[in-house]
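Data block below; observations after.
The values are calculated or read from the model by the stated rules, or taken from the named source; none is laboratory data. It should be emphasised that the depicted structure is a prediction, and the values quoted were computed from it without experimental measurement. Don't worry about glycine lacking a Cβ; one is built from the backbone with ideal geometry, like all the others, and counts go over all protein chains shown. With ligands, DNA and RNA removed, areas are computed over all heavy atoms of the protein, side chains included. Shrake-Rupley method; radii C 1.70, N 1.55, O 1.52, S 1.80 Å.
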Amino acid sequence: MEAIIMPALGQTSDEATIQEWYFKEGDTVEMGDPLLSVETDKAQLDVECVADGILLKIVTPADTIVTAGTVIAYIGDEGDVVPE
């Protein structure tokens, strides 16, 4: 299982707002897929998936401000147990 971490998206801010998740829990994703859209104080951009597997859990929903380094989702295999 892989924890998906909000990346640092700029030098001037360590926060971004999640605009939209392109997949829902239970969907199969592949490395490089655009996983979600985020907005910083200067731009809107996509965050790519960093692993192959199933989107097991979206920890942080859309319309939420997130700090870089925060776990926002988990990707893994069917049957993996997501930590609380």
> Under the classification rounded if a/c is under 1.5, otherwise prolate if a/b is larger than b/c and oblate if not, where does region 2-76 fall, given a ≥ b ≥ c as square roots of the Cα gyration tensor eigenvalues?
Replying inline: prolate
> Debye sum, Cα scatterers, region 42-84, no solvent: what log₁₀ I/I(0) at q = 0.21, 0.25 1/Å?
Replying inline: -0.83, -1.07
> How much net charge surrounds Ile5 when only the other residues with a Cβ under 15 Å from the Cβ of Ile5 are counted, with Lys and Arg +1 and Asp and Glu -1?
Replying inline: -3
> Length gain on complete extension for the stretch Asp77 to Thr64, per 0.36 nm per residue less the alpha carbon to alpha carbon distance?
Replying inline: 2.1 nm
> Going 7 Å from the Cα of Met31 toward and past its Cβ, which residues in region 59-84 have a backbone nitrogen under 19 Å from where you end up?
Replying inline: 73-78
>> So for the chain, averaging the separation of alpha carbon pairs under 8 Å that are six or more residues apart and normalising by length, what relative contact order in percent results?
In response: 38
>> Given a 1.4 angstrom probe, I'd like the percentage of the accessible area of the chain that is carbon and sulfur, rounded to a whole number.
In response: 46
>> What are the ³J(HN,Hα) couplings of region 56-69, residue after residue, when phi is run through the Karplus curve with 6.51, -1.76, 1.60 and θ = phi - 60°? Round to Hz, x for glycine and proline.
In response: 6, 8, 9, 7, 10, x, 4, 6, 10, 7, 10, 8, 3, x
